[in-house]
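Step one of this worksheet: look at the structure below.
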Amino acid sequence: MAEIGPNRLETLVSLCKRRGFVFQSSEIYGGINAVYDFGPLGVRLRRRIRDLWWREMVDLRDDVEGLEAAILMNPTVWQASGHLANFSDPLVDCLGECHQRWRADHLEGDRCPNCGGPLSAVRQFNLMFKTFIGPLEDESAVVYLRPETAQGIFVNFKNVLGTSRQRVPFGIAQIGRSFRNEISTGNFVFRLRELEMMELEWFCTPGDDARWFDYWCAERIRWHQSLGLKPEHLRLRPHGEGEKAHYALASSDIEYLYPWGWAELEGIARRSDYDLRRHQEVSGKDLQYTDPATGQRFLPFVVEPSVGVDRTFLALLLDAYDEEEVRGETRVVLHLSPQVAPFQVAVLPLSNKPELTQVARTVEQELRRRFATEYDYTQSIGKRYRRQDEIGTPLAVTVDFDTLEDHAVTIRDRDSMEQVRVPLEHLEAMCAERLGQ
Ligand code: ATP
């Protein structure tokens with residue numbers, strides 16, 4: 001087993017580029033810092049992550065509704081939510097040779113970690129990107145790119161409540177892009193300036209929120225494990241007093257053991273009625289909930305599990321990555337769970353003779369209806385197996401000359417590399433069984 005070490009990230013970055021998971025944004029112009037594009041395989045993996053989250057949080061529950069709010073919002077939202085005043089990180093500049101900028105709360109000691117120079121005093125830097133709406137670039141036209149999707153949910157609380165059949169406790173879920181003008185970036189897609197979040201705002205009776213907080217912490221850890229992340233690489237860490245966001249009563253991070261150490265994968269916060277109360281005050285609209293049984297009116301308390309698609313994507317790839325010695329050669333393999341793997345079954349004709357490719361094409365078309373398949377007839381069979389291992393395809397089906405006689409194919413298992421002969425009529429059932437679906 002390859003150890004989790006500092007080089008693991010670099011190795012993975014190069015695999016992501018080589019195989020088409022992740023590209024630097026606008027690479028031909030030298031890129032842009034902390035912004036990435038996702039290639040054909042990256043898109044597949046990200047869709048799986050989103051779909052699995054949505055299925056778990058919305059489709060399989062009766063008590064959660066979905067929402068897609070716009071990225072641009074009335075700027076008063078950010079004044080009310082406290083983001084204009086408080087959504088900032090402490091910034092220091094190196095006053096020595098390198099002039100690099102740092103997040104003060106990420107530094108140990110009072111010297112520049114890069115050149116050892118002295119550091120400036122700390123100042124607060126707001127992380128929201130500003131732009132203008134309409135043709136005039138003046139103060140009255142300023143709008144912000146949302147730094148979280150949650151506010152879109154809070155300002156739609158009454159709309160969703162009034163149009164759905166929900167009663168407290170219930171949740172509103174949303175997946176979408178957010179933007180944060182992070183001071184210090186790095187670690188690949190871990191800290192981005194354009195990111196994607198999957199957020200649930202869970203509305204409950206005040207006083208019930210501590211219980212729901214524990215419930216969601218347990219649920220969310222279970223979900224990360226269900227994707228295939230190793231339990232020993234996940235932990236729940238309660239925030240200290242100084243760490244909590246401006247809206248939070250309490251919060252915990254689900255952390256993953258990234259190559260540089262434990263770091264936040266998902267944040268779970270008790271937001272109390274902070275957001276609804278602020279929006280009620282500033283908008284002058286009544287955002288209270290009326291309990292149909294008691295007639296009691298109140299602002300619900302909120303528990304929020306919030307997770308980044310990008311950090312999940314990175315954790316899954318890191319966790320799955322392995323290098324093994326096979327007959328004196330290094331085999332790179334992604335042990336991705338079949339539910340997240342970009343492709344589940346690769347169909348490979350042994351050679352590209354038409355009599356084989358025809359059969360292989362038909363086999364692939366059949367399997368495609370049920371599984372994520374890739375048909376590949378290029379290069380030698382050994383190279384094709386290596387590619388499928390490297391992109392994490394759990395099963396490879398090889399069509400060879402015997403297939404024309406015995407109507408059977410070989411299934412090769414990515415993890416064990418075991419090969420078994422399967423009659424074509426049992427192929428679909430066999431794949432389904434092996435993929436656990
Ligand atoms: P950090 O302390 O690492 O800056 P945060 O506490 O600001 O993160 P939250 O506001 O809790 O993060 O955001 C919820 C989730 O959104 C995080 O757990 C993470 O998965 C994701 N996320 C936040 N900021 C970024 C970013 N810059 N790049 C990628 N994902 C991010």
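Below are the figures for this structure:
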{"quantity": "Selected residue (only one of Leu348, Leu299, Leu356 is in the same structural domain as Arg370 (by TED's automatic domain parsing) and either more than 14 Å from Asp389 (Cα to Cα) or within 16 Å of the ligand (Cβ to nearest atom) (or both))", "calculated": "Leu356"}
{"quantity": "Check on Arg235, within 13 Å of the ligand (Cβ to nearest atom), closer than 27 Å to Arg46 by Cα, touching a strand residue (DSSP E or B) at 6+ places or on another chain (Cβ under 7 Å) and outside any helix (DSSP H, G or I)", "calculated": "no"}
{"quantity": "Qualifying positions in segment 70-89 - within 17 Å of Arg193 (Cα to Cα) and of a type outside the set (Asp, Glu)", "calculated": "Ile71, Leu72, His83, Phe87, Ser88"}
{"quantity": "Condition met for Met197 (within 16 Å of the ligand (Cβ to nearest atom), more than 17 Å from Ala269 (Cβ to Cβ) and not in a helix (DSSP H, G or I))", "calculated": "no"}
{"quantity": "Pair list, Cβ < 6 Å and 6+ apart or interchain, from segment 305-328 residues that are assigned by TED's automatic domain parsing to the domain that holds Asp51 and under 27 Å from Ala248 (Cβ atoms) to residues that are among the β-branched types (Val, Ile, Thr) and assigned to a strand (DSSP E or B)", "calculated": "Pro305/Ile268"}
{"quantity": "Yes/no for Glu56 being surrounded by 14 or more Cβ atoms within 10 Å (Cβ to Cβ) and within 20 Å of Gln174 (Cα to Cα)", "calculated": "yes"}
{"quantity": "Test: residue in segment 160-173 that is touching a His at 6+ places or on another chain (Cβ under 8 Å) and touching a residue at least 12 places away in the same chain (Cβ under 8 Å)", "calculated": "no"}
{"quantity": "Scope segment 245-270; condition more than 11 Å from the ligand (Cβ to nearest atom) and within 21 Å of Gly207 (Cβ to Cβ); matching residues", "calculated": "Leu249, Ala250, Arg270"}
{"quantity": "Residue ID - nearest to His83 (Cα to Cα), chosen from residues in segment 238-251 that are assigned to a loop (DSSP other than H, G, I, E, B) and in contact with a Lys or Arg (Cβ under 8 Å, 6 or more places away or on another chain)", "calculated": "Tyr247"}
{"quantity": "Tyr289 within 15 Å of the ligand (Cβ to nearest atom) and aromatic (Phe, Trp, Tyr)", "calculated": "no"}
{"quantity": "Conditions (1) away from the ligand (no atom under 12 Å from the Cβ); (2) buried (at least 19 other Cβ atoms within 10 Å of the Cβ); number of the one not met by Arg167", "calculated": "(2)"}
{"quantity": "Of all residues in segment 400-415 being β-branched (Val, Ile, Thr) and in a strand (DSSP E or B), the one that is surrounded by the fewest Cβ atoms within 10 Å (Cβ to Cβ)", "calculated": "Thr410"}
{"quantity": "Some residue of segment 255-268 being among the β-branched types (Val, Ile, Thr), free of Cβ contacts under 8 Å to residues at least 60 places away in the same chain and on the phi < 0 side of the Ramachandran plot", "calculated": "yes"}
{"quantity": "Qualifying residue in segment 199-216 (condition: under 18 Å from Ala263 (Cα atoms) and buried (at least 21 other Cβ atoms within 10 Å of the Cβ))", "calculated": "no"}
{"quantity": "Subset tally (residues that are touching a residue at least 12 places away in the same chain (Cβ under 8 Å) and not in a strand (DSSP E or B)) for segment 354-377", "calculated": "15"}
{"quantity": "The one condition in (1) more than 30 Å from Ser283 (Cβ to Cβ); (2) within 16 Å of the ligand (Cβ to nearest atom) that Gln100 fails to fulfil", "calculated": "(2)"}
{"quantity": "Flag for Arg387 being within 21 Å of Arg46 (Cα to Cα) and basic (Lys, Arg)", "calculated": "yes"}
{"quantity": "Those helices (runs of 4 or more DSSP H) lying entirely in segment 30-88 with at least 1 residues under 17 Å from Gly176 (Cα atoms) and of a type in the set (Asp, Glu)", "calculated": "40-54"}
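Residue-by-condition table, conditions (1) under 23 Å from the mean Cα position of the chain (by Cα); (2) modelled with pLDDT under 95; (3) among the polar types (S, T, N, Q):
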| position | (1), (2), (3) |
| --- | --- |
| Trp78 | no, no, no |
| Gly82 | no, no, no |
| Phe87 | yes, yes, no |
| Pro90 | no, yes, no |
| His99 | no, yes, no |
| Trp102 | no, yes, no |
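Conditions tested, residue by residue: (1) aliphatic (A, V, I, L, M); (2) surrounded by 14 or more Cβ atoms within 10 Å (Cβ to Cβ); (3) assigned by TED's automatic domain parsing to the domain that holds Trp223.
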residue	(1), (2), (3)
Glu65	no, yes, yes
Ala80	yes, yes, no
Arg111	no, yes, no
Gly152	no, yes, yes
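The values are calculated or read from the model by the stated rules, or taken from the named source; none is laboratory data. Keep in mind the model is a prediction, meaning the values are calculated, not measured. A quick note on method: Cβ atoms are made from the backbone with ideal geometry, for glycine too, and the neighbour counts reach across all protein chains shown.
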